[in-house]
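Undergrad: First the structure, which I've put down as structure tokens, then a few questions once you've had a look.
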Amino acid sequence: MRYVQRRWGVQAADYDELQRWSVTERERFWQSIWSFCGVIGDAPGETVLLDGERMPGARWFPDARLNFAENLLRRRDRGTALVFWGEERVRSRVSYADLYSEVSRLAQALRAA
């Protein structure tokens, strides 16, 4: 909330107000998400939202290119990187640290092979 207040002058006192703003100002909200979260990728481009009235079918940052793996692997902490909820109520979480470790082991095995 502080971020969008500084960037856009939004005076959201609570989550509900922020959520309302995010729906009415979708492009500004998602520009803020890109910046606040530090997304690694080519610049998001001029167009934030294309065909915004089509759900499904809207396209967010259509000119941007990013590498999902690069964004996931930049952190090495115990925060949750991935969450899986299976159809049979199986749930699991993978931390950034564990994900990085697993990817590193696979990369080493591939290099060795």
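Undergrad: Residues being part of a helix (DSSP H, G or I) and either closer than 21 Å to Ser35 by Cα or small (Gly, Ala, Ser) (or both): count how many of those fall in segment 101-113. Outline the logic, then answer.
TA: Applying the first criterion (part of a helix (DSSP H, G or I)) to segment 101-113 yields 101-112.
Narrowing the set further to residues that are either closer than 21 Å to Ser35 by Cα or small (Gly, Ala, Ser) (or both) leaves 101, 104, 107, 109, 112.
Result for segment 101-113: 5.
Undergrad: Please specify each residue of segment 46-100 satisfying the condition of being among the small types (Gly, Ala, Ser), farther than 19 Å from Ser32 by Cα and assigned to a loop (DSSP other than H, G, I, E, B).
TA: Gly57, Gly79, Gly86
Undergrad: A further question follows. Quick check on segment 28-60: of everything there that is surrounded by 13 or more Cβ atoms within 10 Å (Cβ to Cβ) and not hydrophobic (A, V, I, L, M, F, W, C), which residue is farthest from Leu73 (Cα to Cα)?
TA: My answer is Gly52.
Undergrad: Same structure again: Any idea which of Arg111, Arg75, Arg89 is in contact with a helix residue (DSSP H, G or I) (Cβ under 9 Å, 6 or more places away or on another chain) and not polar (S, T, N, Q)? Working first, answer last.
TA: Values: Arg111 fails: in contact with a helix residue (DSSP H, G or I) (Cβ under 9 Å, 6 or more places away or on another chain); Arg89 fails: in contact with a helix residue (DSSP H, G or I) (Cβ under 9 Å, 6 or more places away or on another chain).
Just a single option satisfies the conditions, and that option is Arg75.
Undergrad: Collect the residues in segment 16-27 that are loosely packed, with under 11 Cβ neighbours inside 10 Å and farther than 17 Å from Arg2 by Cβ, keeping them in residue-number order.
TA: Scanning segment 16-27 gives Val23, Thr24.
Undergrad: Given (1) more than 27 Å from Arg6 (Cβ to Cβ); (2) surrounded by 13 or more Cβ atoms within 10 Å (Cβ to Cβ); (3) within 12 Å of the chain's Cα centre (by Cα), identify the lone condition not met by Leu82.
TA: Failing condition for Leu82: (2).
Values in this text are rule-based calculations from the coordinates and carry no lab data. Predicted model, so just to flag it, every value in this text is computed and none were measured. Every residue, glycine as well, gets a Cβ built from its backbone with ideal geometry; the counts of neighbours run over all protein chains shown.
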